[in-house]
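Undergrad: Below is one structure. I have some questions about it.
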Amino acid sequence: MKKNKFLLAITAIICGCLQIAIIIAVLVCPSIITHLISTVSFSDNGIIQDSASSNSNSDKSGNNGFFKNSNSLGFSKEVVIYNGITIDQGIKSNDQINNKAIQLTKTAKSDRERAKILYTWVGSNIKYDDNKAEKVIYGKDSNDMPDGGAVCAFNNKCGICFDKACLYVAMCRSIGLKVRLIGGEAYDGEKYVGHAWNQVYLSDENRWINVDTTFYDGGNYFDSNLFKKHNVNEIVGEW
């Protein structure tokens, strides 16, 4: 009888401990899970939505044919482009670019509409410069490289992927859209090649989307599933 009472007492203690553990788990675990989800979230196409993630991604040294030298901390002003200029110089705008972006989007009612208008304009008006691409990819002397960046693309109405991405950055900034310049690789139909494109933040939808003005003629490269064949190496800059 005493043995049975002892076993019952032990069983009661164990059950009590289990109940306390369950209560603690119910109270604590949801807050931990919520914290993890709120720290980093992803959209359907895998874009990191937390703006702080740009620091964790941009410390990867880029060398995809356009970004020849990235510093260890990934600050945009210290990333050197193929022709020796910095990212800050590449995305530099002027009154013509700013006024054009403002004029194009003056009747737009949402961030998505504004971003799409700029994507369409850059994609359809800035032609791809194959000769320049050959020189950038295979050239060895950085001092002999052609000019590049937003102003160059806007004035000449042509450029390579980096130039078009810089122009998209400049135009987005002029109308208050948060934007990134992405360095990575994209599939050109035959192989993966070094590439640059953009991500733009839609504040009214609370998410980042992919935008590729260089691939504009090849399909819908504005927030579409076609970006499954784009590999992000680094967020070169965020503004």
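The values are calculated or read from the model by the stated rules, or taken from the named source; none is laboratory data. Remember, it's a predicted structure, so these values are computed and weren't measured experimentally. Heads up, the Cβs are rebuilt from the backbone with ideal geometry, glycines too, and the neighbour counts pull from every protein chain shown.
Undergrad: Would it be correct to say that Tyr119 is over 17 Å from Thr86 (Cβ atoms), among the hydroxyl-bearing types (Ser, Thr, Tyr) and surrounded by 19 or more Cβ atoms within 10 Å (Cβ to Cβ)? It would help to see each step written out before you state the result.
TA: Details: over 17 Å from Thr86 (Cβ atoms): yes; among the hydroxyl-bearing types (Ser, Thr, Tyr): yes; surrounded by 19 or more Cβ atoms within 10 Å (Cβ to Cβ): yes.
Considered against the rule, which asks whether it is over 17 Å from Thr86 (Cβ atoms), among the hydroxyl-bearing types (Ser, Thr, Tyr) and surrounded by 19 or more Cβ atoms within 10 Å (Cβ to Cβ), Tyr119 comes out as yes.
Undergrad: Could I ask something else about it? Condition test on Ser93, is it out of contact with any strand residue (DSSP E or B) (no Cβ under 6 Å at 6 or more places or on another chain), surrounded by 15 or more Cβ atoms within 10 Å (Cβ to Cβ), in the same structural domain as Gly219 (by TED's automatic domain parsing) and within 18 Å of Thr213 (Cα to Cα)?
TA: yes
Undergrad: Which pairs do you get when a residue that is closer than 17 Å to Val151 by Cα, found in segment 96-116, comes within reach of a residue that is of a type outside the set (A, V, I, L, M), reach meaning Cβ atoms under 6 angstrom, with the pair 6+ apart or on two chains?
TA: Ile97/Phe154; Asn98/Ser174; Ala101/Ser174
Residue-by-condition table, conditions (1) in the same structural domain as Tyr221 (by TED's automatic domain parsing); (2) under 22 Å from Phe227 (Cβ atoms); (3) of a type in the set (Lys, Arg):
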site: Asp111; (1), (2), (3): yes, yes, no
site: Lys116; (1), (2), (3): yes, yes, yes
site: Ser124; (1), (2), (3): yes, yes, no
site: Tyr128; (1), (2), (3): yes, yes, no
site: Ile137; (1), (2), (3): yes, no, no
site: Gly148; (1), (2), (3): yes, no, no
site: Arg180; (1), (2), (3): yes, yes, yes
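Undergrad: Then there is this: Counting just the residues of segment 186-205 that are in contact (Cβ under 8 Å) with a residue 60 or more places away in the chain and over 24 Å from Asp88 (Cβ atoms), which one comes out surrounded by the fewest Cβ atoms within 10 Å (Cβ to Cβ)?
TA: If we take residues in segment 186-205 being in contact (Cβ under 8 Å) with a residue 60 or more places away in the chain and over 24 Å from Asp88 (Cβ atoms), then Asp204 is surrounded by the fewest Cβ atoms within 10 Å (Cβ to Cβ).
Undergrad: For segment 157-169, does any single residue satisfy the condition of being surrounded by fewer than 22 Cβ atoms within 10 Å (Cβ to Cβ) and of a type in the set (A, V, I, L, M)?
TA: no
Undergrad: Go through Ala186, Ala153, Ala133 for me and flag whichever is under 18 Å from the mean Cα position of the chain (by Cα), assigned by TED's automatic domain parsing to the domain that holds Val122 and either modelled with pLDDT under 95 or closer than 30 Å to Lys106 by Cα (or both).
TA: One residue alone meets the criteria, Ala186.
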